[in-house]
Every structure is written in structure tokens, then in C-alpha cells.
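Worksheet: one structure, shown below.
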Amino acid sequence: MAPRSFWKGYLKLSLVTCPVAMAPATTENEKVRFHTLNRTTGNRIVSRYIDNVTGKAVDEDDEVKGYERGEGDYVMLEDDELDAVALESTRTIDIELFVPRDSIEWIWLDTPHYLTPDDAVGEEAYCVIRDAMAATQMIGISRLVMYRRERAVMLEPLDKGIILWTLRFGDEVRGEGDYFGDIEAKSVDSKLLAMMRKLIVERTKPWDPGMVADPVQQKLLDIIASRKKGRKRPAKARADQEAAPGNVISIMDALRKSLSQEAGAKKR
């Protein structure tokens, strides 16, 4: 069952408007979560905000956002002042422009959301916008107030629907030149490249969501299930330590051994 939408508004392109709803495309609800307990009483521990000078607990009504303009000097902002900066884009996704899909690198993509039509009447307009983007291989760029900030968002067609990605802010993305700039741009040995390509082909499989399963989470669930049944605490598993290479072997020898192992594995 699909989760309920957390946002409703309008998708607008020039004079074409249709009501839409949005829901997160990802979830963390299936993660194993723990509470911190008092070992002696078994009761949950409650966290509270403490004044770092007086050491006394602060009432919720006395909590306020503060921007530090100097050491120990803050400008206090009330919730109504923060809400006042919300722009008109709180309820309308007005597509301002289009760009080629391959012009936005993955590093700019932040959080995905499913955008769906919110009534039967507006569904036709929604589908026309979706199919036109797919036919031209373009994606829409707009702005929307989400999570108390106005963010740039990207809209792209996905099967029968549209997926909306929030985009990272410009100051959040670090330039790759700062990290890759010192790597030498020399060409690699053609024989090594051919062997590496063969190794990649040998290990190529169709994508399966099971490839990104979380084995640690499953082990935690097994431990919880065993404790419910009154079993003893399992013995601590030993971490397998990889032996550090004692000597430097040639890439050619390593690739030959790797390809030999892959061929042997396929025979088995």
C-alpha cells in the first residue's frame, strides 16, 4: 500500500495547471531502531535541552532559533519570522525552464519524491507534461518551498509518472578538481585495459534490488527474534581481517589470476 502524500498543490506550465500530490520515493521505516534505556529500571531515557551556562533544563516555550554573529553573540529569530520568508512556491510547482536530462550530474540530485495527479480532471494535463518531457528528453526546473527552505527542484518523467528531485544548493557541492586534479592523465596499457574489460564483462549481471540488501540489519533482526524466544545472547562474531599484501604484485599477474578464478567459478 502506497504511503499517504505529505504535500498537495499544483503543477503549472505556462497556462496549463493541474492538482498534484507528492510523497517521498524512499523510506527508512524498515530500519531497526533502538531506544536508549535505563539498564536498572528498563525505562526509556528522555533527552532535554539544557542551558549550557546555568545547567538548568529549558522549557519548550523558551526555545528559540539563534544565528551566531560573533562568539557568544546571537540574533534570535521567532518561528513566525522564519515562516514569513516562505515564498509563493509553497503550493505551486511552476516549471520555469527545461534543460537536457544529461546536463545535470548525479551529484546535484538530493532527495527523490513521487509526483502524482490528484484528481481525474487534471490527469490529462499531467500526462501531457510528462509525455512531452519524455519525447524531447528534457527535464523541468522549478522552485518549491520544502523542509522550511526554498529549493530548486527537478522534474523528470518516470514510466507513467513524474519524479521530483530536490537539488542540492550550490555551496553544498564540492568541486571534483580539488580531489582529482593531481591524478595523472596518462593513458593506460592497452593489454591491461582489455583484460580489465574482460573481467568486468565476466562479473556483469542484471540489476537486482537484492544487491543492496543490508546483511547487518538481518542479523540484528535474528538477534531480536532469538531474544524474544529466550535464547542466550549469541557469541560475538569475529571480524575477518584481510591480510595486508606483503609484496607488490604486478597488475598483469593479478588480472590473470582474477580471470582464471572467474573462469573456474563459472565451470563450477
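Which pairs break 29 Å Cα to Cα here: Lys31/Lys229; Lys219/Lys257; Lys31/Lys228; Lys8/Lys205; Lys186/Lys266? Walk me through the intermediate numbers first.
On the way: Lys31/Lys229 21 Å; Lys219/Lys257 33 Å; Lys31/Lys228 18 Å; Lys8/Lys205 40 Å; Lys186/Lys266 34 Å.
Pairs exceeding 29 Å: Lys219/Lys257; Lys8/Lys205; Lys186/Lys266.
Go through segment 94-150 and name the GluC sites (Glu not before Pro) that are in a DSSP coil and have 14 or fewer other Cβ atoms within 10 Å of their Cβ. Intermediate values should be presented prior to the final figure.
Values: sites: Glu96, Glu105, Glu123, Glu124, Glu150; in loops: Glu96, Glu105.
Sparse-neighbourhood loop GluC sites (Glu not before Pro): Glu96, Glu105.
Let me cross-check Val173: its accessible surface, 1.4 Å probe, with only protein heavy atoms counted, in Å² to the nearest 10?
Only protein atoms counted, so the area is about 30 Å².
Please list Leu37, Leu155 from largest to smallest accessible area, probe radius 1.4 Å, with all protein chains kept in place.
On the way: Leu37 95, Leu155 0 Å².
Reading off the accessible areas and sorting them downward yields Leu37, Leu155.
Could you tell me what % of all Cα pairs in the chain have separations over 32 Å? Before the final figure, lay out each step's value.
Details: 20894 of 35778 pairs.
Tail of P(r) above 32 Å: 58 percent of Cα pairs.
Length gain on complete extension for the stretch Leu192 to Val32, per 0.36 nm per residue less the alpha carbon to alpha carbon distance?
On the way: separation 160, 0.36 × 160 = 57.60 nm, distance 4.40 nm.
The Leu192-Val32 span can extend by a further 53.2 nm.
Determine, from the Cβ-Cβ distance of Lys56 and Tyr147 and an R0 of 41 Å, the FRET efficiency 1/(1 + (r/R0)^6), rounded to the nearest 0.05.
On the way: r = 31 Å, r/R0 = 0.76.
Efficiency, from the Cβ-Cβ distance: 0.85.
Can you give the helix-only mean residue ellipticity at 222 nm for the chain, where every DSSP H stretch with n ≥ 4 adds -39500 (n - 2.57) and the sum goes over all residues, rounded to the nearest 500 deg cm²/dmol? Walk me through the numbers on the way to the answer.
Details: 6 runs with 68 residues, N = 268.
The per-residue figure over the chain is -7500 deg cm²/dmol.
Work out from phi, with θ = phi - 60° and the Karplus expression 6.51 cos²θ - 1.76 cosθ + 1.60, the ³J(HN,Hα) of each residue of segment 200-209, listed in order in whole Hz, and give x for Gly and Pro.
Couplings: 5, 4, 4, 9, 7, 9, x, 5, 9, x Hz.
Give, in nm to one decimal, the length gained when the segment between Ser226 and Ala134 is fully stretched (0.36 nm per residue of separation minus the Cα-Cα distance). List each step's numbers first, then the result.
On the way: separation 92, 0.36 × 92 = 33.12 nm, distance 5.03 nm.
The Ser226-Ala134 span can extend by a further 28.1 nm.
Read phi for every residue in segment 36-41 and hand back ³J(HN,Hα) as whole Hz from Karplus 6.51 cos²θ - 1.76 cosθ + 1.60, θ = phi - 60°, with x for Gly and Pro.
After applying 6.51 cos²θ - 1.76 cosθ + 1.60, I find 8, 10, 7, 4, 6, 9 Hz.
Could you please put Phe169, Phe98 in sequence from largest to smallest accessible area, using a 1.4 Å probe? Display every interim value, and only then the final one.
Numbers: Phe169 40, Phe98 85 Å².
Sorted by accessible area, descending: Phe98, Phe169.
Given segment 128-218 reduced to its alpha-carbon atoms as identical point scatterers, what log10 I(q)/I(0) does the Debye formula return at q = 0.15 Å⁻¹?
Each listed q maps to, in turn, -1.08.
How large is ³J(HN,Hα) for each residue in segment 149-165, as worked out from phi by the Karplus curve 6.51 cos²θ - 1.76 cosθ + 1.60 (θ = phi - 60°), to whole Hz, x for Gly and Pro?
Couplings: 9, 7, 10, 6, 10, 10, 10, 9, x, 9, 6, 8, x, 10, 9, 10, 9 Hz.
Which of the three applies to segment 87-181, rounded, prolate or oblate, going by the alpha-carbon gyration tensor with a ≥ b ≥ c and a/c under 1.5 meaning rounded? Walk me through the numbers before you get to the answer.
Values: a/c = 2.59, a/b = 1.55, b/c = 1.67.
It comes out oblate by the Cα gyration axes.
Which translational diffusion coefficient, to the nearest whole µm²/s, is obtained for segment 1-78 from the Stokes-Einstein equation, given a Kirkwood hydrodynamic radius over C-alpha pairs, 20 °C and 1.002 mPa s?
Working: Rh = 18.6 Å.
Once the numbers are plugged in, D ends up at 115 µm²/s.
Relative contact order for the chain using alpha-carbon pairs under 8 Å, separation at least 6, rounded to a whole percent?
Values: 287 pairs, mean separation 43.4, N = 268.
Here the relative contact order equals 16 percent.
Amide H to amide H under 5 Å from Arg151: which residues, 5+ apart in sequence or cross-chain, H placed 1.01 Å off N in plane?
Under 5 Å from the amide H of Arg151 lie the amide H atoms of Leu144, Val145, Met146, each far enough along the sequence or on another chain.
For Ala25, which sequence-distant residues (separation of 5 or more, or a different chain) have an amide H within less than 5 Å of its own amide H, given hydrogens modelled in the peptide plane?
Answer set, sorted by chain and number: His113, Tyr114.
Could you name the lysines in cross-link range of Lys65, using Cα to Cα under 19 Å and dropping any fewer than eight places away on the same chain?
Lys56
To the nearest µm²/s, what D does Stokes-Einstein give for segment 43-143 at 25 °C and 0.890 mPa s, using the Kirkwood radius over alpha carbon pairs as Rh?
In µm²/s, the coefficient rounds to 128.
Of the DSSP beta bridges with both residues in the chain, give the percent that are antiparallel, rounding to the nearest 5.
Values: 42 of 45 bridges.
Roughly 95 percent of the DSSP beta bridges within the chain come out antiparallel.
The values are calculated or read from the model by the stated rules, or taken from the named source; none is laboratory data. Fair warning: this is a prediction, and the values are worked out from it, not measured in the lab. Heads up, the Cβs are rebuilt from the backbone with ideal geometry, glycines too, and the neighbour counts pull from every protein chain shown. The protein model used for the area step is the full one, side chains on, heavy atoms only, and it has no ligands, DNA or RNA in it. Shrake-Rupley method; radii C 1.70, N 1.55, O 1.52, S 1.80 Å.
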